[in-house]
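See structure below.
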Amino acid sequence: MTKINDDLFGEIEFDLYWSGKTSIVMFEKKHDIILSIDGEEDADFSPIQREAYTNFMAKMDEIMSAVELDILEYYEDNFEEYRDMAGEVEADRIAPEISTVEELGKLVIPTQLIVRRVRKNGVRRVGLVCDCTWDIDNGVGVRIEDEKVEEVDYQDIVL
């Protein structure tokens, strides 16, 4: 396993992809999460990847406010289906009826920030992976491009 101390990403190690640790603030709480950077073992990260991470960290408050609202909207659009699948006994625990971001914070926990490879279009791409109470297998993923939330769905959209 290759380990380096990158000027931007900090202490990271390579095992299929580069990973380390970072902290984000979500639901008004600091979370220490996994930082994953798509790249080869030579750690030759593109300037756009570095810019994507730098911009995300610099604009975290604004981006995370949008992330929280978009996850809430996603939840409100889908929670009845999860309640039906859970059954009466478990429904209020895993998919309760909520209406605020604060309530959502009890159901969603961020686990990983992924700095994606650069495509030909040069878009800065970051993915946020979260565990959630209503879908322990698929969780929630948030695709962020050029510091704007593009999509909220299963984690697969960012993995």
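The values are calculated or read from the model by the stated rules, or taken from the named source; none is laboratory data. Here the structure is a predicted model, which is why all the values come from computation and not from measurement. Heads up, the Cβs are rebuilt from the backbone with ideal geometry, glycines too, and the neighbour counts pull from every protein chain shown. For the accessible areas, the whole protein counts, side chains as well, though only heavy atoms, and no ligand, DNA or RNA atoms are used. Shrake-Rupley method; radii C 1.70, N 1.55, O 1.52, S 1.80 Å.
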Practice problem: Any chance you could count how many residues in region 1-34 are within 20 Å of ILE109 (Cα to Cα), free of Cβ contacts under 8 Å to residues at least 12 places away in the same chain and open to solvent by 60 Å² or more (accessible area, probe 1.4 Å)? | Solution: 2
Self-check item: Qualifying positions in region 94-146 - of a type in the set (A, V, I, L, M, F, W, C) and in contact with a Cys (Cβ under 8 Å, 6 or more places away or on another chain)
Solution: LEU107, VAL108, ILE109, VAL140, VAL142
Exercise. Return a yes/no flag: does region 132-144 have any residue that is in a loop (DSSP other than H, G, I, E, B), of a type in the set (Val, Ile, Thr) and either touching a residue at least 40 places away in the same chain (Cβ under 8 Å) or on the phi > 0 side of the Ramachandran plot (or both).
Key: yes
Self-check item: When residues of region 35-65 are limited to those that are open to solvent by 80 Å² or more (accessible area, probe 1.4 Å) and not charged (D, E, K, R), the one nearest to the chain's Cα centre (by Cα)
Solution: ALA58
Exercise. Could you tell me whether any residue of region 80-95 is surrounded by fewer than 15 Cβ atoms within 10 Å (Cβ to Cβ), of a type in the set (D, E, K, R) and touching a Leu at 6+ places or on another chain (Cβ under 9 Å)?
Key: no
Quiz item: Using beta carbons and a limit of 6 Å, which pairs, at least six apart or on different chains, have the first residue in region 36-61 and without any contact (Cβ under 8 Å) to a residue 12 or more places away in the chain and more than 22 Å from CYS130 (Cα to Cα) and the second one open to solvent by less than 20 Å² (accessible area, probe 1.4 Å) and of a type in the set (A, V, I, L, M)?
Solution: none
Practice problem: Could you please let me know if VAL129 is part of a strand (DSSP E or B) and open to solvent by less than 30 Å² (accessible area, probe 1.4 Å)? | Solution: yes
Self-check item: Any chance GLU68 is in a helix (DSSP H, G or I), out of contact with any strand residue (DSSP E or B) (no Cβ under 8 Å at 6 or more places or on another chain) and either closer than 23 Å to LYS148 by Cβ or without any contact (Cβ under 8 Å) to a residue 60 or more places away in the chain (or both)
Solution: no
Practice problem: Could you tell me whether any residue of region 107-125 is out of contact with any Asp or Glu (no Cβ under 6 Å at 6 or more places or on another chain), crowded, with 16+ Cβ neighbours inside 10 Å and in a loop (DSSP other than H, G, I, E, B)? | Solution: yes
Quiz item: So which residues in region 78-106 are among the aliphatic types (A, V, I, L, M) and part of a loop (DSSP other than H, G, I, E, B), if there are any at all?
Solution: ALA95, ILE98
Self-check item: The listed residue being at pLDDT 95 or above, surrounded by 13 or more Cβ atoms within 10 Å (Cβ to Cβ), out of contact with any Phe, Trp or Tyr (no Cβ under 9 Å at 6 or more places or on another chain) and of a type in the set (A, V, I, L, M, F, W, C), out of ILE98, ILE157
Solution: ILE157
